[in-house]
């Protein structure tokens with residue numbers, strides 16, 4: 001017999017107390033809403049569209065399509081392994097709380113800073129990408145010239161919109177994410193159907209699945225193939241949002257892990273359909289790469305459908321990106337709230353406050369969008385700054401996924417699985433996940449374009465390693481200053497065991 005709503009809430013809150021926290025957030029999100037937030041953050045209409053131009057030069061159609069299939073399969077291993085640990089520790093702190101419980105305070109500390117860096121970079125990357133697409137639409141509609149200054153203004157307006165929506169509470173966030181799921185699925189369907197039915201000319205299947213394009217300057221085809229995987233890996237980020245919203249989700253031990261796995265699976269399918277539809281509809285490959293709009297998918301829409309059709313499809317993409325950014329602000333603000341609750345951030349007592357009216361960590365929301373605004377400011381002066389922002393996202397969040405998985409494997413039988421678990425397959429799935437994350441983290445640190453004349457310039461330098469070193473250095477410095485105030489509670493069973501040991505001694 002299924003449990004009633006109040007009973008589920010009581011059980012969820014009792015578990016949270018066992019994990020060491022008093023419930024202060026409002027549980028108004030169901031299983032579908034939890035899935036929807038991760039699906040919205042992954043957002044194939046954001047990631048695939050934003051980096052499609054990169055993919056055209058880093059391996060071309062063959063790498064984009066086959067790379068999507070391969071990366072999606074590996075991300076399913078990572079997601080499933082992370083979901084298993086989430087079922088055991090469903091808290092807003094998510095990755096860093098898991099790392100702390102399984103590996104100790106320092107593991108939790110560094111995992112938290114990596115996770116936070118990735119989430120803040122994700123807000124900046126998603127919303128700045130949305131600003132670029134909005135500028136391309138305004139160019140088609142009104143002849144608007146998208147300068148760095150005007151794009152920055154659009155970006156700041158989008159951030160303000162997302163802050164406002166998140167201040168209204170998790171119920172509105174959940175409703176918007178539920179709409180977002182159907183918008184994304186229907187949007188992919190409309191875009192692919194239009195690109196299939198309207199153009200008189202389409203590329204052949206041979207072109208779509210076998211054409212290799214190397215615009216990176218590197219001579220090694222294998223190296224270019226690996227670099228080209230970044231389009232898919234960048235898109236498959238953010239599914240930890242289901243874990244971060246677990247304290248606001250009913251039946252969290254089951255709903256949150258299912259949300260992670262289902263969001264990856266549906267994104268895997270929808271993203272492949274979208275990439276295939278775009279690539280079959282390319283009319284002029286070189287012209288698409290050098291599009292005056294600055295957005296290659298917009299040029300595909302223009303060439304295939306004309307200006308009216310292109311504007312319509314761009315609006316679908318822009319709205320999807322707005323949904324994506326709004327969901328990412330929600331996830332990041334919960335991470336800020338949780339990290340502050342445990343005393344890890346400067347000024348923690350301010351950022352952990354929760355509105356009594358909405359049950360939302362309002363100050364954490366405002367801090368998240370403010371830092372995201374600052375991260376994108378260099379785009380006013382450098383054309384490569386947006387690439388640096390996306391690097392900050394992936395280099396922060398991807399290693400943070402693997403740490404709790406690795407610690408779960410190291411813990412062995414000490415790890416007590418939750419109701420959603422992989423059974424005897426957990427160890428194998430976990431090691432595959434860790435190996436994949438190590439591989440792609442190294443990949444993110446490699447140069448993506450070959451420097452001219454062998455000299456590294458601001459346009460060829462990969463900023464990802466710098467972002468990683470800076471955040472780890474800052475975390476190490478702050479650890480020395482603030483570690484006495486950082487305290488993650490232990491689970492109830494561990495507290496009882498500690499008492500028994502003390503009595504025995």
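Just so it is clear, none of the values below were taken in a lab; they were calculated from the coordinates. This structure is a prediction, so every number in the text was calculated from the model and none was measured. Virtual Cβ from ideal backbone geometry, glycine too; neighbours counted across all protein chains shown.
Hey, residue 182 hits all of (1) part of a helix (DSSP H, G or I); (2) under 17 Å from residue 37 (Cα atoms); (3) touching a helix residue (DSSP H, G or I) at 6+ places or on another chain (Cβ under 8 Å) but one; which does it fall short on?
(3)
Does residue 162 satisfy the condition of being out of contact with any helix residue (DSSP H, G or I) (no Cβ under 7 Å at 6 or more places or on another chain) and either part of a helix (DSSP H, G or I) or surrounded by 20 or more Cβ atoms within 10 Å (Cβ to Cβ) (or both)?
Criteria not met by residue 162.
From the set of residues in the range 17-74 that are part of a loop (DSSP other than H, G, I, E, B) and within 22 Å of the chain's Cα centre (by Cα), which is surrounded by the fewest Cβ atoms within 10 Å (Cβ to Cβ)?
Only one residue tops the list, namely 30.
Filtering the range 86-115 down to residues that are within 18 Å of the chain's Cα centre (by Cα) and in a helix (DSSP H, G or I), which residue is farthest from residue 450 (Cα to Cα)?
Among those residues, the one meeting the criterion is 86.
In the range 227-245, which residues are touching a helix residue (DSSP H, G or I) at 6+ places or on another chain (Cβ under 6 Å), assigned to a helix (DSSP H, G or I) and within 19 Å of residue 392 (Cα to Cα)?
228, 231, 232, 233, 234, 235, 241
Report yes if some residue within the range 246-254 is part of a helix (DSSP H, G or I), surrounded by fewer than 19 Cβ atoms within 10 Å (Cβ to Cβ) and in contact with a helix residue (DSSP H, G or I) (Cβ under 6 Å, 6 or more places away or on another chain); otherwise report no.
no
I'm checking my understanding of the structure. Among residues of the range 329-373 that are assigned to a helix (DSSP H, G or I) and without any contact (Cβ under 8 Å) to a residue 24 or more places away in the chain, which one is surrounded by the most Cβ atoms within 10 Å (Cβ to Cβ)?
351
Here are 416, 435: which of them is within 20 Å of residue 237 (Cβ to Cβ) and surrounded by fewer than 16 Cβ atoms within 10 Å (Cβ to Cβ)? Spell out how you get there, then give the answer.
Working: 416 fails: within 20 Å of residue 237 (Cβ to Cβ).
It is 435.
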